[in-house]
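Comments concern the structure below.
Read the figures in this text as sums done on the coordinates, not as results from a lab. Please read all numbers here as calculations on a predicted model, not as lab measurements. Methodologically, a virtual Cβ is constructed for each residue, glycine included, from the backbone with ideal geometry; neighbour enumeration extends over all protein chains shown.
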Amino acid sequence: MPRVPSIIMKAAREFLGLSQDDVEAVFGMSRKTIQRMEKNMDVSEHYASALQRFYEEQGITFVPPADGRGWGMFNANTIDSVQSLNRLIDIPATKRKRASGAISPTQGDGRDGDA
């Protein structure tokens, strides 16, 4: 199969409902490498192939151009439920970026515990 274009790799990640931070946490590839790949910057074939295989293992099937049509993809995880975008059970919360302005568990909410 020809190398999957960067925009299709980004679409695959999003189709799985994953952020770049999620992929970094689960797969171990640095977020910077993922960003470079998605921006069509120079990345080694090894990294591009590894990330493509990761997405395929998570249920994505890449469909190369044929019969005058462009790239496509299928997400096998949505067969039983459109809500089930990926097979990942757990993404380590410690690796996910907090929403801006979120209160960390150690900060508390300013109350003293007496309601």
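A compact table of results
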read-out: Surface/4 of the Cα convex hull for region 1-69, nm²; value: 4.6 nm²
read-out: Potential lengthening between Ser30 and Ser49 on full extension [0.36 nm per residue; Cα-Cα distance subtracted]; value: 5.4 nm
read-out: Computed label-point distance, nm, for sites Met1 and Val63 using a 7 Å Cα→Cβ extension; value: 1.3 nm
